[in-house]
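Take a look at the structure set out below.
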Amino acid sequence: MARVVFEPIGEEIECGENESVLDASFRQGYSLVHGCREGQCSACKAYLLEGEVVLKPYSSFALSESEEEQGYTLLCRAMPEEDLVVELLHFDPEDYRAEHPIREGAASVAGIEELTHDISRLVLSIEEPEDFDYRPGHYVDLVIPGSEDRRSFSMANLPGDGRIELIIKRYEGGRFSGLLEDGELKAGDRLGFVGPYGAFHLREGERPVLMVAGGSGMAPQLALLRQMARDGHDGPVRFFYGARSRADLFSIEEIEQLGAQIDDFEFTPVLSDEDWEGAGGLVHEAVSSYLEEGGLGDDLEAYLCGPPPMVEAATEMLIDVRGVDPKQIHFDKFTTAVAAGDTEQEAGFR
């Protein structure tokens with residue numbers, strides 16, 4: 001058992017022999033900033049002030065060799081060899097404790113709907129625990145039937161109705177998404193899940209809200225939109241969604257209905273392969289142009305969900321070009337999971 005101290009928040013946890021630092025923090029009620037939990041997105045990058053770790057396999061995109069030599073590490077891959085002192089690089093000083101305990105549960109398939117040629121909506125009916133609760137924007141791990149492996153997906157619905165609604169990008173041969181692609185998963189089938197996880201949620205305050213998403217990154221953004229519509233949000237909200245073509249767009253009608261319940265709302269689809277009412281190209285470029293023209297100002301709360309390159313490009317633009325405070329940028333990076341020794345890929349994180 002290793003002792004791990006997190007600075008500058010001054011909190012301490014114990015990490016088991018076969019446990020990553022991030023998993024140990026979950027177990028003890030902390031919700032540190034993280035992303036894919038597979039060593040691919042860099043969201044949980046931290047600095048080792050004291051101690052040594054062994055890193056489970058990870059992507060050099062998330063942590064370069066030179067960064068590791070300098071003392072940086074990935075909390076989701078870090079297995080302590082001794083007691084550690086870790087400097088957190090990204091954290092919310094007022095919101096690093098988990099509001100809801102992480103629990104195992106069971107659910108049955110209530111419905112499956114094909115939204116686009118490669119994205120499906122999966123709705124689960126929660127069987128246990130009956131009081132399962134979470135914040136809009138959180139995610140769960142689904143257990144792949146017949147194995148102990150998991151895949152992580154964000155919940156698009158609000159808590160409290162006994163359901164879990166997921167938006168899943170399908171990959172041919174994917175361990176979980178392949179079940180949707182091949183029609184193997186059917187209504188009534190039972191699935192295990194673990195959760196809730198995540199640090200992505202709506203922040204309180206009066207700043208304008210900027211939402212940027214791509215692909216299945218729509219899921220947590222829908223949850224936030226539903227929350228704002230339910231609560232009567234009265235500030236400006238601008239939602240930019242990046243896709244390749246019109247055929248890749250979905251839930252447009254619902255977004256418009258939710259937006260009608262928000263005092264000042266605009267939704268802009270941005271297509272990389274087509275024009276949509278004048279908005280074409282990459283989504284972060286469209287956002288940059290909008291902000292350059294004076295939309296929203298630069299003192300805003302930004303919520304980014306989608307592939308790491310999109311999130312990284314939008315984050316860099318917001319910080320370096322627009323001068324947005326990094327503490328006002330909140331994100332989920334949706335990576336793919338690649339099985340060890342295999343060529344399989346699928347949506348490993350939402």
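In region 223-332, counting only strands (runs of 3 or more DSSP E) that sit wholly within it, the ones holding 1 or more residues that are of a type in the set (Lys, Arg) and within 21 Å of GLY137 (Cα to Cα) span 236-243.
So that you can scan it fast, the table gives a plain yes or no per residue for (1) touching an Asp or Glu at 6+ places or on another chain (Cβ under 6 Å); (2) modelled with pLDDT of 95 or more; (3) over 16 Å from ARG103 (Cα atoms); (4) in the same structural domain as SER289 (by TED's automatic domain parsing):
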position	(1), (2), (3), (4)
ILE164	no, yes, no, no
GLY174	yes, no, yes, no
ALA223	no, yes, yes, yes
ALA229	no, yes, yes, yes
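Is there a residue being at pLDDT below 95 and in contact with a Pro (Cβ under 9 Å, 6 or more places away or on another chain) anywhere in region 65-75? Taking every residue of region 65-75 in turn, none turns out to be at pLDDT below 95 and in contact with a Pro (Cβ under 9 Å, 6 or more places away or on another chain). For ALA107, the criteria (1) touching a residue at least 12 places away in the same chain (Cβ under 8 Å); (2) over 20 Å from PHE331 (Cα atoms); (3) not assigned by TED's automatic domain parsing to the domain that holds GLY174 hold in every case but one, which is (3).
Here is a yes/no grid of residues against (1) assigned by TED's automatic domain parsing to the domain that holds LEU180; (2) surrounded by fewer than 23 Cβ atoms within 10 Å (Cβ to Cβ); (3) modelled with pLDDT of 90 or more; (4) under 21 Å from the mean Cα position of the chain (by Cα):
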{"site": "TRP276", "(1), (2), (3), (4)": "no, yes, no, no"}
{"site": "ALA279", "(1), (2), (3), (4)": "no, yes, no, no"}
{"site": "VAL324", "(1), (2), (3), (4)": "no, yes, yes, yes"}
{"site": "LYS327", "(1), (2), (3), (4)": "no, yes, no, yes"}
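Only one entry of GLU285, GLU293 meets the criterion of being surrounded by fewer than 18 Cβ atoms within 10 Å (Cβ to Cβ), at pLDDT below 95, farther than 15 Å from PRO208 by Cβ and outside the structural domain of GLU38 (by TED's automatic domain parsing), and that entry is GLU285. Residue count for region 216-270, restricted to those that are under 18 Å from the mean Cα position of the chain (by Cα) and not hydroxyl-bearing (Ser, Thr, Tyr): 15.
Given region 1-74, what strands (runs of 3 or more DSSP E) lie entirely inside it while holding 3 or more residues that are closer than 30 Å to PRO307 by Cβ?
Values: elements: 2-7, 11-15, 45-50, 53-55, 72-74.
So the answer is 45-50, 53-55, 72-74.
With respect to PHE132, is the statement that it is crowded, with 17+ Cβ neighbours inside 10 Å, of a type outside the set (Val, Ile, Thr) and not in a loop (DSSP other than H, G, I, E, B) true? Against the criterion (crowded, with 17+ Cβ neighbours inside 10 Å, of a type outside the set (Val, Ile, Thr) and not in a loop (DSSP other than H, G, I, E, B)), PHE132 does not qualify. Against the conditions (1) in contact with a Pro (Cβ under 6 Å, 6 or more places away or on another chain); (2) at positive phi, GLY215 satisfies every one except (1).
Among the conditions (1) free of Cβ contacts under 8 Å to residues at least 12 places away in the same chain; (2) closer than 30 Å to ASP325 by Cβ, the only one that GLY137 does not satisfy is (1).
Considering SER125, SER152, SER108, the condition of being assigned to a strand (DSSP E or B) and crowded, with 19+ Cβ neighbours inside 10 Å is satisfied by SER152 alone. Across region 166-214, the qualifying residues are those that are part of a strand (DSSP E or B) and basic (Lys, Arg), and the one among them that is surrounded by the fewest Cβ atoms within 10 Å (Cβ to Cβ) is ARG190.
The values are calculated or read from the model by the stated rules, or taken from the named source; none is laboratory data. As the structure is a computational prediction, the values presented were derived from the model and not from experiment. Here the Cβ is made from the backbone with ideal geometry for all residues, glycine too, and neighbour counts use every protein chain on show.
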